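Student: Handing you a structure now.
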Amino acid sequence: MTRTALSPSADDARAVLVTALADVSRGDRAALRKLYSLTSAKLFGICLRICGNTASAEDVLQTVYLKVWDRAGQFEAERASPMTWLATIARNAAIDWQRSVAGRPVAAAALTDSIAETVADDGPAADALIIGKQTDSRLHQCLGELEGRTHHCIRAAFFEGLTYAELAEREQVPLGTMKSWIRRGLTRLKACIGDG
């Protein structure tokens with residue numbers, strides 16, 4: 001199977017983000033503002049899904065861009081798309097926030113429509129523009145090739161923000177077993193995507 005090139009608009013959007021991150025790594029505040037304007041709606045959505053409320057998601061989003069300011073020099077365009085890199089920072093910051101509060105906040109599935117409507121996003125999703133349909137399709141194909149429980153657990157960890165401990169409890173397996181499932185699944189997923 002051969003992989004087709006990303007569409008010109010996806011390539012252009014990716015190039016803009018790569019350039020902005022490079023400029024941010026050199027301390028360019030205008031580049032950070034530009035990066036924020038291009039990516040904040042998507043990253044806020046990730047934070048909101050994991051945090052469960054607008055105020056907390058806004059606080060976490062601020063932390064995300066502070067981390068981006070500090071870590072932009074660590075971004076490697078040949079290893080990951082800029083949006084994937086930024087989304088990972090957002091996801092991890094939201095999970096860190098979640099772990100720091102007493103008790104678990106409202107589950108992502110329990111978000112009301114009224115909260116979801118407060119997310120400002122007038123245009124297409126940034127990841128759709130950047131990653132492109134081909135890459136997205138390949139990821140879903142590779143996820144589909146994973147064994148059922150592993151597939152389910154990886155999706156829950158990355159898209160719902162569940163921790164290893166929460167997944168182990170939900171699946172009623174030891175924590176070490178869950179960590180092994182996820183590690184082996186991610187290794188297979190990486191190999192599958194790399195073979196595409």
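Student: Looking at the stretch 148-162, can you tell me whether even one residue there is out of contact with any helix residue (DSSP H, G or I) (no Cβ under 9 Å at 6 or more places or on another chain) and modelled with pLDDT of 80 or more?
Tutor: yes
Student: Within the stretch 50-98, count every residue that is within 11 Å of the chain's Cα centre (by Cα), farther than 16 Å from THR19 by Cα and not hydrophobic (A, V, I, L, M, F, W, C).
Tutor: So the count comes out to 3.
Student: Here are some residues: ARG170, ARG138. Which one is part of a helix (DSSP H, G or I), surrounded by 13 or more Cβ atoms within 10 Å (Cβ to Cβ) and modelled with pLDDT of 85 or more?
Tutor: None of the others qualify; the one that does is ARG170.
Student: Just to be sure, is ALA13 touching a residue at least 40 places away in the same chain (Cβ under 8 Å), buried (at least 22 other Cβ atoms within 10 Å of the Cβ) and of a type in the set (A, V, I, L, M)?
Tutor: yes
The values are calculated or read from the model by the stated rules, or taken from the named source; none is laboratory data. Just so it is clear, the model here is predicted, and its values are computed rather than measured. Positions of Cβ are generated from backbone atoms using ideal geometry, with glycine treated the same way; all protein chains shown enter the neighbour counts.
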